[in-house]
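Asker: What follows is a structure written as structure tokens; I'll ask about it next.
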Amino acid sequence: MRRFLINQGKSLLDNTRRQHHTTRRFLSILPSTSAPVPVPSRAPLVSLSRFLSSTSKMAASDSASSLPVTIDSINPKVLKCEYAVRGEIVNIAQKLQDDLKSNKDAYPFDEIIYCNIGNPQSLGQLPIKFFREVLALCDHTSLLDESETHGLFSTDSIDRAWKILDQIPGRATGAYSHSQGIKGLRDTIAAGMEARDGFPVDPNDIFLTDGASPAIHMMLQLLLSSEKDGILCPIPQYPLYSASIALNGGSLVPYYLDEATGWGLEISDLKKQVEEARSKGIAVRALVVINPGNPTGQVLAEENQRDIVNFCKQEGLVLLADEVYQENVYVSDKKFHSFKKVARSLGYGEKDISLVSFQSISKGYYGECGKRGGYMEVTGFTSDVREQIYKLATVNLCSNISGQILASLVMSPPKPGDDSYDSYIAERDGILTSMARRAKTLEEALNNLEGVTCNRAEGAMYLFPRIDLPQKAIEAAETANTAPDAFYCKRLLNATGIVVVPGSGFGQVPGTWHFRCTILPQEEKIPDIVNRLTEFHKSFMDEFRN
Amino acid sequence: MALSYDSLNENVKKCQYAVRGELYLRASELQKEGKKIIFTNVGNPHALGQKPLTFPRQVVALCQAPFLLDDPNVGMLFPADAIARAKHYLSLTSGGLGAYSDSRGLPGVRKEVAEFIERRDGYPSDPELIFLTDGASKGVMQILNCVIRGDGDGILVPVPQYPLYSATISLLGGSLVPYYLDESENWGLDVDNLRQSVAQARSQGITVKAMVIINPGNPTGQCLSEANLREILKFCYNEKLVLLGDEVYQQNIYQDERPFISSKKVLMDMGSPFSKEVQLVSFHTVSKGYWGECGQRGGYFEMTNIPPRVVEEIYKVASIALSPNVSAQIFMGLMVSPPKPGDISYDQFARESKGILESLRRRARIMTDGFNSCKNVVCNFTEGAMYSFPQIRLPPGAIQAAKQAGKVPDVFYCLKLLEATGISTVPGSGFGQKEGVFHLRTTILPAEEEMPEIMDSFKKFNDEFMTQYDNNFGYSRM
């Protein structure tokens, strides 16, 4: 209780500090339609103040400004970057969650439901059993010498573990591997990608990483020398891109996805943005495409993808294809096609287009976020550029081996005839069909709300509804010195315990308001979530309706 | 082609990381051609035959496959304390190994780390100031990224150093301010050298912001004395530097005169004003010690006297990477709270750990003596860590030959060593050394049974090389 009161006091101080900066911050993340978002040269904005409940005597006071490391003397790029997915609203939610433990009656809800982050296993989704069997056997290899093991593990998981261990020198899963990842596992992944796309993959083009995020960081670090280097990013985007661009001192060149056409991408808009950026002296280096989209969930039509590939080739842009949601497609009229396949189908080879494709083990139906596994396939670069990518990978030595193994399993799951195949398919399809149902249910519920429109989630794990906030609500938000969508989200949290992320964290057309909500709470909880959301929204509109 | 080499980030092009550089690439090529290579280029114990400790692997395997815990026969394959510990760590997660944890790491594990630090040092430690990371390297990068604003900011780094520091400073566009360790004083640190380095940097307009110490040292292996640490901390206090204490080898101590003592403990022992004002970040890992779990990528850093708002910013940047991998967090928890006397698994755990440490101690001696028996080779004793860093006194003829081959002299030597013996080392130039003085770094990790043969192989190559290029002198310590 005392800690809570201390936090309240600290929160108050923080809020006072924050008030100076919130308005400026939400304006800055909204790129204007006419200009790219450069790194500002003025003093950096104070970032969201996430307050830690530290009562330690070890923590220094801020006023000791003679110290070498203070808020005024640290890297301004750190201060500038933002990441809303685990930002302010999540911090508030965590404080509420703590307080719920001792103050159940103070709240109109029993629990906090985190719909802010694509973290399926934290909301009850189970891992794929076969995958975990293999990982356990690789972690504790002496199990393979015990006869009892055959009673506890499936036959094919034992076989696969042997196969994988034979690809690891000395069967040492605790050793640093090759900096691109274990060769045999890259072979497996390459084969999986070939089977998916019908085009050859060179295992030497694959870099296994601790999740897709570090791979994306690596590429952006390579491409960005200064604010004169720009990266085209979709708006709305997953804020890893804006944050990483800020940390690397580059410029984000926005291109707007069109909400009215299911978050479609217009090549003419891309062209316009590139030309404007160039006219301001920015060298546009790459185009980021997230497919299926995050937060927007659209699956690109193949024709659109061809246009994008052609555009990159014409404009000399590296295509950065974030394809981490490739296994999350919920509609029968759309299909995932990798950009690699599209490019090769157009006849573009190694010498024609620079393409980096990212995949992760965190999403799909496997949802193995905490394992930190992923990879990028790097094609169409000269060898001197490739050497630099490799060099960057070596400084961190290698990615975690367990995650590497899991990436290979994801790209080569059980096949028909394998012992585990039937149960694997049942688990996989169970998860995916449930996700599709939840996506539909939540989409319909959101569309039923007054002033809310929500595009369908064709893929990924999110819904990104638009709310037509009444003028009164916008004014109330201004008074509270909060962005209108954040104001709505905080009210939602306090009324229902549901945590979503304000659209301003992803970028949106100025004057429009959204929030991102995951489709991940367990299916049994969805009706209750719908009810509470509906009730809250109605009373919110009753309060603020014009 | 969309991307030309010229347009790449200059900082990326400038950065070097010799540990997996030219020698390693050549060794890998030769290995593909069928040559037997002994990789001693990186501190990677399991790759050279060291077995993982049994208990942590049992616990993590159970965490990977929690359905095993429901099986009535699980007790036939796993001891009861491993089962209990797996349940304990799973209860600390919110969804097992597959869910992102708190971006700073699981609170329950951070609490265990804090308790370990308290037991080790005798002073309280706050879990809120401990962040788990995907290896200590990631933690070092995060902290340097916070400290370095541009090339006007300098970081004091020991020479020789582990090139993570030079590579990261390069990548971040900062300035490396070297301070030389004294080979003739067992790689000791002289505060006067420090003062000189700082003064020189400042005269060039550089703001020196931080000082790195690696204790025990890498590649040099020296263990800092308490007096030395006090001097360093006083120096940081006077010069307003944040001390970055890389203590990843704290379990690897091979002499008894200077046991490991943490920078934090010395700082707290010094009392006010030092203990309240000197800023310190300490790093640790599961990759070294007697655990050697490099492939897990597990580490942490603890912050002392860092302002809350800066801690928040570091937290914010950590959140962009979402979370460190959960398996490694559990390894960290197990490392800081291993089996205790009385636990079912204690005897085996103690036996395995002791076996590894005692063997490392023996190998440190074997290698040092082996090098010192070679012509023109002088080697300080490996007091700690995992490496030997012999000085190779290359005759002028060899240096000439290297020049002609277009190679740095120690690279030339190491390549020849590799081709002749299959021993893959890292040239001293990768770590930094005094002008005109050459070294190589090797690890003490090859299996004990293989050591004599490896040292013989090295001696044969070296003495022939020296004879080939020697003019009129030979020098050997033994």
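Throughout, read-outs are computed from the coordinates displayed, never taken from laboratory work. The structure presented is a predicted model; accordingly, all values stated were derived computationally and were not measured. Reconstructed Cβ throughout: ideal geometry from the backbone, glycine too, with neighbour counts over all protein chains shown.
Asker: If you bin every alpha carbon distance in region B:270-364 into 10 Å steps from zero, what whole percent lands in each bin?
Answerer: Final binned percentages: 13, 30, 30, 21, 6.
Asker: Rg and Dmax of region A:171-410 over Cα atoms: what are they, in angstrom?
Answerer: 17.1, 56
Asker: Another one. For a quick check: sort B:His284, A:His140, A:His178 by the number of other beta carbons within 10 angstrom, fewest at the front. Don't skip to the end; give the middle numbers.
Answerer: Values: B:His284 29, A:His140 26, A:His178 18.
Fewest-to-most ranking of B:His284, A:His140, A:His178: A:His178, A:His140, B:His284.
Asker: From the residues A:Leu223, A:Ala175, A:Gln404, which one has its Cα farthest along the dipole of chain A in the positive direction, the dipole being from +1 and -1 charges on Cβ of Lys/Arg and Asp/Glu about the Cα centre?
Answerer: Farthest towards the positive end: A:Leu223.
Asker: Here's another thing I want to ask about it. For peptide B:44-57, compute the average count of partner chain beta-carbon atoms within 10 Å of each residue's beta-carbon. List each step's numbers first, then the result.
Answerer: Values: counts 7, 4, 10, 8, 3, 3, 4, 5, 8, 1, 2, 0, 3, 9.
Mean shielding by partner chains, rounded to a whole number: 5.
Asker: Now for a separate question. Please state the charge dipole magnitude for region B:91-336, taken about the Cα centre, from unit charges on C-beta atoms (+1 on K and R, -1 on D and E), reported in debye and rounded to the nearest 20.
Answerer: On the way: 21 positive and 28 negative charges, 115 e Å.
Dipole magnitude for region B:91-336 comes out near 560 debye.
Asker: In peptide A:174-184, what is the residue-averaged number of other protein chain Cβ atoms found within 10 Å of each Cβ?
Answerer: Working: counts 19, 15, 13, 4, 2, 3, 0, 0, 1, 0, 0.
Partner-chain Cβ atoms within 10 Å, mean over residues of A:174-184: 5.
Asker: Please express the shape of the protein assembly as shown as an equivalent ellipsoid: the semi-axes are the square roots of 5 times the eigenvalues of the C-alpha gyration tensor, given largest first in whole angstrom.
Answerer: 46, 32, 30
Asker: Work the Kirkwood hydrodynamic radius out for region B:91-336: mean of 1/r over every pair of different alpha-carbon atoms, inverted, in Å. Please report the intermediate quantities before stating the final value.
Answerer: Working: mean 1/r = 0.0548 Å⁻¹.
Here the Kirkwood hydrodynamic radius works out to 18.2 Å.
Asker: Tell me the net charge near A:Tyr366. Cut-off is 12 Å between Cβ atoms, A:Tyr366 excluded, with +1 for each Lys or Arg and -1 for each Asp or Glu.
Answerer: Details: positive: A:Lys129, A:Arg132, A:Lys363, A:Lys371, A:Arg428; negative: A:Glu327, A:Glu368, A:Glu427.
Local charge sum for A:Tyr366: +2.
Asker: Report, in debye and to the nearest 20, how large the dipole of region A:171-410 comes out about its Cα centre when Lys and Arg carry +1 and Asp and Glu carry -1 on their Cβ.
Answerer: Values: 23 positive and 28 negative charges, 106 e Å.
Value, rounded to 20: 520 debye.
Asker: Over region B:91-336, how many pairs of lysines fall under 14 Å by alpha carbon, counting only those 8 or more apart in sequence or from different chains? Let's see the in-between values first.
Answerer: On the way: B:Lys209/B:Lys240; B:Lys234/B:Lys264; B:Lys234/B:Lys265; B:Lys234/B:Lys276; B:Lys240/B:Lys276; B:Lys264/B:Lys276; B:Lys265/B:Lys276.
Qualifying lysine pairs in region B:91-336: 7.
Asker: Ranked by Cβ crowding within 10 angstrom, fewest neighbours first, how are A:Asp145, B:Asp126 ordered?
Answerer: A:Asp145, B:Asp126
Asker: To the nearest whole percent, what portion of all C-alpha pairs in region A:271-408 is separated by more than 24 angstrom? Let's see the in-between values first.
Answerer: Numbers: 3731 of 9453 pairs.
Pairs farther apart than 24 Å: 39 percent.
Asker: Quick one: net charge of B:Gly21's neighbours, Cβ under 15 Å, K/R +1, D/E -1? Don't jump to the answer; show the numbers that get you there.
Answerer: On the way: positive: A:Lys391, B:Lys13, B:Lys14, B:Arg20, B:Arg26, B:Lys407, B:Arg441; negative: A:Glu387, B:Glu22, B:Glu29, B:Asp410.
Here the count lands on +3.
Asker: If you line up the long axis of helix A:383-395 against the longest principal axis of chain A, both from Cα atoms, how many degrees apart are they, to the nearest 10?
Answerer: 70 degrees
Asker: While we're on this one: Would you mind working out the magnitude of the charge dipole of the protein assembly as shown relative to its Cα centre, with +1 at each Lys and Arg C-beta and -1 at each Asp and Glu C-beta, to the nearest 20 Debye? Don't skip to the end; give the middle numbers.
Answerer: On the way: 107 positive and 118 negative charges, 341 e Å.
Using Cβ point charges on Lys, Arg, Asp and Glu, the protein assembly as shown gives about 1640 debye.
Asker: Starting from the eigenvalues of the Cα gyration tensor, five times each then square-rooted, give me the equivalent ellipsoid semi-axes of region A:417-459, largest first, whole Å.
Answerer: On the way: eigenvalues 225, 12, 3 Å².
Its equivalent ellipsoid spans semi-axes of 34, 8, 4 Å.
Asker: Order by neighbour count: A:Val85, B:Val286, fewest other Cβ atoms within 10 Å first, most last.
Answerer: Values: A:Val85 24, B:Val286 29.
Least crowded to most crowded, the residues run A:Val85, B:Val286.
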